[in-house]
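Here's the structure, in C-alpha cells; my notes come after.
The values are calculated or read from the model by the stated rules, or taken from the named source; none is laboratory data. What you see is a predicted model; the values in this text were computed from it and never measured. Note that each Cβ is placed from the backbone with ideal geometry, even for glycine, and that neighbours are counted across all protein chains shown. Please note that ligands, DNA and RNA were not included when accessible areas were found on the heavy atoms of the full protein model with its side chains. Shrake-Rupley method; radii C 1.70, N 1.55, O 1.52, S 1.80 Å.
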Amino acid sequence: MHIHLIAICGTAMGTLAGMLKAKGFQVSGSDDNVYPPMSTQLEKWGIAIQKGFSAKNLQPQPDLVIVGNAVSKTNPEVEALLQSDIRYLSLPQALGEFFLADKKSLIAAGTHGKSTTTSLLAWMLYDLGFDPSLLVGAIPKNFDSSFRLGQGPYFVIEGDEYDTAFFDKGPKFWHYRPYQVILTGIEFDHADIYKDLEHVMKSFEGLVDRIPPEGCLYVCGDNENNLKLLSRAKCKVVTYGLGDKNQIRATKVRLSPRGASFTLVENGVELGVLESPMAGNHNLQNLLGVLALLRRLPPPSPLLIQEGELQSSPLFTKNLKIDALPLLNNKEGVGGWSIQSSLSLFQGVKRRQEIRGVVNHITVIDDFAHHPTAIAETLDAIRSKYPHQKVWAIFEPRSNTSKRAIFQQDFPKALSHAQEVLLAKVFMPEKVKDSAVLDVEQVAEDIRKAKVPARSGLEVDEIVNIVSKEAKPGDVLLVMSNGGFGGIHQKLLESL
C-alpha cells in the first residue's frame, strides 16, 4: 500500500511517515519547508521528499494521502487530490486507524513542555520494561527518533492543540483516544487559529471531556488555567507541581549545574530524595507530572508482580523493574529505585537546551522556546546551569504567535532574564495579515530600560559577526527559534 503525505516535514507528519514506513507501507511525501532535524530523519528512514507542492507529486497515484494541517484547501497538491478519487485522512485519523486501535493512550498536553514530558515518560516506561509506543514532535536522544513501535499496551503521544486539517478544525488531541493525560499548563498561543485564551480553553475542555471514567488526569496545579478544568473530569484527578496545595510536589529543591535534586512529597508524606539531570523549575514540573503517572500506572495485566522481584514476559523487550524500598515503593504502580535509575539515564530532547558545540570555551545551545513564558523559564534554567557565566539570548520571532504584537509587552520581560540580547528580524512578517507585527526595535528598547544590553532587527550574518567579535571564553549563547533560523548554530560554531 502506497501512502503519500502532504507537508511531510512537519514534526508530527514526518514522525507518522517513519511509523508507516516501519510498519511496512510504501511512503512518499512532499513539502516546501525542508530543514533538519526532520529532513535528516526522513532521509535516515529512506523516505523520499519531493520539494514543493504539485499535482505531479500524486503520480503514480497513491492508495491513500495523509494531509498535514500546514496546508490549505487552495494548495495545488490538495486541489489535485480533491479532484481525484484518492482516499485521504488527517494525521490524527491515520494515527487512530493504523496505530491506536489496540493501545491505551498516555498523552502529554499543554502550551509548554509537552515534548519533553512525552519523551521522558516514554523513556522511563521503556527502561522500566513496559515497551511503549511513542509519537512526539521532537527527537528524544535516548531513542534518536521521534517515534517507536513497541509491543506493550501503552502508546505515549504528544498532545497537540493545533488544528487537525483544513477539513477538520478541531484540535489534534481530540482524536487521540486519551486514557491518561498529563496537563502541563495552558496559556494563549497559536494566534493564527485561536482568537483568545477562552478559545484555547475550549480545546482543552474537549480533551478532558474525552478521558474515560477509568482513566486519570494529572494536572499541574501551579497553572491557574489548568485548575479551571478540574470539575469537568469524569475520571480521577491528581494535581502535581511546586505549590503547597498539590498532591504530588517537590520540596527542598536545589538547582545546580548538575540539574535538580528534591524531596518527592505525596499527600504530605515525604517519599524520598530524587535527582534529575534536567535544568530548571519548568523541567522539574514536567518530571513531577511523569512521576505522578508512573506512581499510579498499573503493571501490565499479564504480569503478577512480587515486591523486589523482576518478572519477564514475551510482551516486553526488557524485564519490568519493581522496587522494594519502603519510602518510594507503590504497590499499585511503579516503585522508586527503578524510577531514579531510569531518570538518571534520560538524555533529553534535541532542540531543548541542546548543546550544539563548544568552541574556545564558548557554548552554543539550541532551544525551541518561542513563547515569552518558555523563553523566561529556559533562560532561568540555563542561568542555573551556568551560574557564573554570561548568558546571551539570541531570539528569532518566527512562530505564528511570536511574530505578532500580541506579546509586545511580554517579550522584554522574558528576554531580560538574559545578560545580553540579540533579536533577529521577524521571520516573514508579510504572513501576518490579521494583526500588527511584533516591533522588535521596541522590544529591544524596553529590554535596555531593564539595564540589559539589546540589539534588534538583525540578519543571521549580522548576529554571527557580533558574536564572533564580542563573545568571550565562558560565555553561553542560547539560540531560540521554532524553525531553522538560517542555520545559525553551525554558522556560529564555524565563526567562533
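For this structure, a couple of remarks:
- Screening residue 110 on (1) among the small types (Gly, Ala, Ser); (2) touching a Cys at 6+ places or on another chain (Cβ under 8 Å); (3) modelled with pLDDT under 90 shows it passes everything except condition (3).
- Looking across region 109-130 at every residue that is among the small types (Gly, Ala, Ser) and in a helix (DSSP H, G or I), the one that is farthest from residue 343 (Cα to Cα) is identified as 115.
- Across region 427-437, the qualifying residues are those that are in a loop (DSSP other than H, G, I, E, B) and in contact with a strand residue (DSSP E or B) (Cβ under 6 Å, 6 or more places away or on another chain), and the one among them that is surrounded by the fewest Cβ atoms within 10 Å (Cβ to Cβ) is 435.
- Strands (runs of 3 or more DSSP E) lying entirely in region 1-108 (those with 1 or more residues that are without any contact (Cβ under 8 Å) to a residue 24 or more places away in the chain and open to solvent by 60 Å² or more (accessible area, probe 1.4 Å)): 49-51
- Qualifying position, being of a type in the set (Asp, Glu) and more than 18 Å from residue 369 (Cα to Cα), among 420, 430: 430
- Pairs, first among the basic types (Lys, Arg) in region 381-402, second crowded, with 24+ Cβ neighbours inside 10 Å and modelled with pLDDT of 90 or more, C-beta under 8 Å, six or more apart: 398/481
- Any chance residue 412 is open to solvent by less than 20 Å² (accessible area, probe 1.4 Å), outside any strand (DSSP E or B) and in contact (Cβ under 8 Å) with a residue 12 or more places away in the chain: yes
- Verdict on residue 399 being in a loop (DSSP other than H, G, I, E, B) and either more than 27 Å from residue 359 (Cβ to Cβ) or open to solvent by 10 Å² or more (accessible area, probe 1.4 Å) (or both): yes
- Residue count, region 254-275 (criterion: over 16 Å from residue 290 (Cα atoms) and surrounded by 20 or more Cβ atoms within 10 Å (Cβ to Cβ)): 2
- Extreme residue, nearest to residue 282 (Cα to Cα), among residues of region 320-361 that are polar (S, T, N, Q) and at pLDDT 50 or above: 353
- Complete set of residues in region 139-154 that are open to solvent by 30 Å² or more (accessible area, probe 1.4 Å) and in a loop (DSSP other than H, G, I, E, B): 141, 142, 143, 144, 149, 151, 153
- Among the residues listed as 255, 227, 264, the single one being of a type outside the set (Val, Ile, Thr) and in contact with a Leu (Cβ under 7 Å, 6 or more places away or on another chain): 264
Conditions tested, residue by residue: (1) over 26 Å from residue 403 (Cα atoms); (2) within 15 Å of the chain's Cα centre (by Cα); (3) in contact (Cβ under 8 Å) with a residue 40 or more places away in the chain.
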position: 138; (1), (2), (3): no, yes, yes
position: 150; (1), (2), (3): yes, no, yes
position: 159; (1), (2), (3): no, yes, yes
position: 162; (1), (2), (3): no, yes, yes
position: 165; (1), (2), (3): no, no, yes
position: 186; (1), (2), (3): no, yes, yes
position: 191; (1), (2), (3): no, no, yes
position: 194; (1), (2), (3): no, no, no
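- Of the residues making up region 463-483, not a single one is in contact with a helix residue (DSSP H, G or I) (Cβ under 6 Å, 6 or more places away or on another chain) and either acidic (Asp, Glu) or farther than 25 Å from residue 385 by Cβ (or both).
- Subset of region 219-240 (residues that are open to solvent by less than 30 Å² (accessible area, probe 1.4 Å) and not in a loop (DSSP other than H, G, I, E, B)): 219, 220, 225, 226, 238, 239, 240
- Some residue of region 452-471 being buried (at least 17 other Cβ atoms within 10 Å of the Cβ), under 23 Å from residue 405 (Cβ atoms) and basic (Lys, Arg): yes
- Checked against the criterion of being closer than 21 Å to residue 160 by Cβ and of a type in the set (A, V, I, L, M, F, W, C), region 52-62 has no qualifying residue.
- Scanning region 337-376 for residues that are farther than 24 Å from residue 406 by Cα and hydrophobic (A, V, I, L, M, F, W, C) returns 337, 339, 343, 345, 346, 349, 355, 358, 359, 362, 364, 365.
- Scoring residue 88 on the criteria (1) modelled with pLDDT of 90 or more; (2) within 16 Å of the chain's Cα centre (by Cα) leaves a single failure, condition (2).
- Residue check for residue 251: in a strand (DSSP E or B), more than 21 Å from the chain's Cα centre (by Cα) and within 22 Å of residue 294 (Cβ to Cβ): yes
- Every residue from region 75-104 that is charged (D, E, K, R) and in contact with a Leu (Cβ under 6 Å, 6 or more places away or on another chain): 87
- When residues in region 438-486 are screened for being within 22 Å of residue 33 (Cβ to Cβ), out of contact with any strand residue (DSSP E or B) (no Cβ under 9 Å at 6 or more places or on another chain) and either among the small types (Gly, Ala, Ser) or not in a helix (DSSP H, G or I) (or both), 3 of them pass.
- Residue, surrounded by the fewest Cβ atoms within 10 Å (Cβ to Cβ), within region 276-301, restricted to residues that are part of a loop (DSSP other than H, G, I, E, B) and not small (Gly, Ala, Ser): 298
Quick grid of which residues meet (1) open to solvent by 20 Å² or more (accessible area, probe 1.4 Å); (2) in contact with an Asp or Glu (Cβ under 7 Å, 6 or more places away or on another chain):
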position: 350; (1), (2): yes, no
position: 354; (1), (2): yes, yes
position: 359; (1), (2): yes, no
position: 364; (1), (2): no, no
position: 373; (1), (2): yes, yes
position: 384; (1), (2): yes, no
position: 394; (1), (2): no, no
